[in-house]
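Asker: Structure provided below as structure tokens; questions to follow.
The values are calculated or read from the model by the stated rules, or taken from the named source; none is laboratory data. Everything quoted here is computed from the prediction, not taken from an experiment. Here the Cβ positions follow ideal geometry from the backbone for every residue, glycine too, while neighbour counts run over all protein chains shown.
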Amino acid sequence: MSDRPRICDYGDSTYRQDFWEGQGRGYEDAVERQVLANLLPRSGRRLLEIGAGFGRITREYRMFRQVVLLDYSLEQLQYARGHYGDDGFLYVAADAYQMPFQSSAFDAATMIRVIHHFENVPAVINQIHAVLADSSAFILEFANKRNLKAILRHILGINKWNPFTLEPVEFVELNFNFHPEYVLEQVTASGFSLRRTVPVSWLRLGLFKRALPTAVLARGDRALQQTGWTISPSIFLDLQLSKPAAAPPGESDDPLDLLRCPVTGSPLTWSDEALLSRNGLRWAIRDGVFDFRKPLE
Ligand SMILES: C[S@@+](CC[C@H](N)C(=O)[O-])C[C@H]1O[C@@H](n2cnc3c(N)ncnc32)[C@H](O)[C@@H]1O
């Protein structure tokens, strides 16, 4: 692995159209929203959505005074901004391995359908730890390597990899499935404690999806979630951070109270419609999205 982890760059991909819209994933979408609604606090100050993409589930976070959408894809964020606008939302194009936020700036974070793109999980978890305040909630979804289908394929000798071993499996370049114990080890090593595990998406089969309405599938899923068996294709972890309390940054909506230079960690000032860090690096704002992927020349 090189020093800089590789990034799965969605750029201007057609993820929204090719994966979600009209693609028969209403059940997965409904179940994820339902789980988020159950796990999220009733109100909050500032939530960070890591790998927000085009904002598919961002409206589930409306109980927070401010929602910050972070993604490496400028285009996905521009689409999200067109949908949600600027009131209560901030859009940040940046690498999750190098977040441009002050420490303890958030009281909650979510990362749904994103960790499977990270080859260096501890590095990302440490970034999340740094930007969350003490007692923050962190809801993490991951694709489960030890799922029922993988276990059956393993027994039948179809899979080349073993679903019971802890190491991540990269089934397509920069697409990893994780063993539940591996993920738990990574988050607890960084200071998070587990409040709840919710195994989801049990009925993700074409046969079921064709035969049954989404609401029925979602009800069935809810019942299966109660088993707590971690052999479903997707798992949500409800985590809480415990770290020495630090004064959180100001509560104003001024982005300068929240953002910092991702390279030097220094505060930023406005300079000709861009942001300037102390060592002279300048960061662009493109159509209302703060762009921290590369400094301006
Ligand atoms: C499968 S999409 C999920 C989007 C959204 N969370 C959802 O569930 O609809 C994964 C997202 O992670 C983003 N991503 C991947 N690697 C990233 C990185 N290093 N930093 C920031 N975002 C990243 C991609 O740009 C993409 O939008």
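Rundown of residues vs (1) among the polar types (S, T, N, Q); (2) under 20 Å from Tyr72 (Cα atoms); (3) at pLDDT below 95, yes/no style:
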| residue | (1), (2), (3) |
| --- | --- |
| Thr269 | yes, no, no |
| Asp272 | no, no, yes |
| Ala284 | no, yes, no |
| Val289 | no, yes, no |
| Arg293 | no, yes, no |
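Asker: Only one of these is touching a residue at least 24 places away in the same chain (Cβ under 8 Å) and loosely packed, with under 15 Cβ neighbours inside 10 Å: Asn175, Asn126. Name it.
Answerer: None of the other options fit; the residue is Asn175.
Asker: Return the total of residues in the stretch 134-152 being among the charged types (D, E, K, R), assigned to a strand (DSSP E or B) and within 13 Å of Thr230 (Cα to Cα).
Answerer: Qualifying residue count for the region: 1.
Asker: Hey, can you tell me all the residues within the stretch 197-224 that are surrounded by 12 or more Cβ atoms within 10 Å (Cβ to Cβ), free of Cβ contacts under 8 Å to residues at least 12 places away in the same chain and in a loop (DSSP other than H, G, I, E, B)?
Answerer: Leu205, Leu212
Asker: Now for a different question. Keeping to the stretch 200-221, report how many residues are within 18 Å of Ala143 (Cα to Cα) and at pLDDT 95 or above.
Answerer: Summing the residues that are within 18 Å of Ala143 (Cα to Cα) and at pLDDT 95 or above in the stretch 200-221 gives 5.
Asker: Just name the residue that is farthest from the chain's Cα centre (by Cα) out of those in the stretch 274-295 that are within 24 Å of His83 (Cβ to Cβ) and in a loop (DSSP other than H, G, I, E, B).
Answerer: Asp287
Asker: For the stretch 153-161, indicate whether the set of residues that are surrounded by fewer than 15 Cβ atoms within 10 Å (Cβ to Cβ), at pLDDT 95 or above and part of a helix (DSSP H, G or I) is non-empty.
Answerer: yes
Asker: For the stretch 66-99, how many residues meet the condition of being more than 9 Å from the ligand (Cβ to nearest atom), without any contact (Cβ under 8 Å) to a residue 40 or more places away in the chain and either of a type in the set (Val, Ile, Thr) or assigned to a strand (DSSP E or B) (or both)?
Answerer: Residues meeting the conditions: 3.
Asker: Further question on the same structure: Among the residues of the stretch 4-20, which ones are hydroxyl-bearing (Ser, Thr, Tyr) and either surrounded by fewer than 14 Cβ atoms within 10 Å (Cβ to Cβ) or assigned to a helix (DSSP H, G or I) (or both)?
Answerer: Within the stretch 4-20, Thr14, Tyr15 meet the criteria.
Asker: Can you spot a residue in the stretch 255-267 that is exposed (fewer than 14 other Cβ atoms within 10 Å of the Cβ), closer than 28 Å to Ala37 by Cα and of a type outside the set (Val, Ile, Thr)?
Answerer: No, there is no match, as no residue in the stretch 255-267 is exposed (fewer than 14 other Cβ atoms within 10 Å of the Cβ), closer than 28 Å to Ala37 by Cα and of a type outside the set (Val, Ile, Thr).
Asker: Glu60 versus (1) surrounded by 18 or more Cβ atoms within 10 Å (Cβ to Cβ); (2) outside any loop (DSSP other than H, G, I, E, B); (3) in contact with a Phe, Trp or Tyr (Cβ under 9 Å, 6 or more places away or on another chain): which is the lone unmet condition?
Answerer: Every listed condition holds for Glu60 apart from (3).
Asker: Is it the case that the stretch 36-51 has a residue that's near the ligand (Cβ under 7 Å from one of its atoms), in contact (Cβ under 8 Å) with a residue 12 or more places away in the chain and not in a strand (DSSP E or B)?
Answerer: So far as the stretch 36-51 goes, yes, one or more of its residues are near the ligand (Cβ under 7 Å from one of its atoms), in contact (Cβ under 8 Å) with a residue 12 or more places away in the chain and not in a strand (DSSP E or B).
Asker: Among Ala189, Ala246, which is modelled with pLDDT under 95 and within 22 Å of Pro122 (Cβ to Cβ)?
Answerer: From the options Ala189, Ala246, the qualifying one is Ala246.
Asker: Just to be sure, is Thr230 in contact (Cβ under 8 Å) with a residue 60 or more places away in the chain and β-branched (Val, Ile, Thr)?
Answerer: When the stated conditions are applied, Thr230 passes them.
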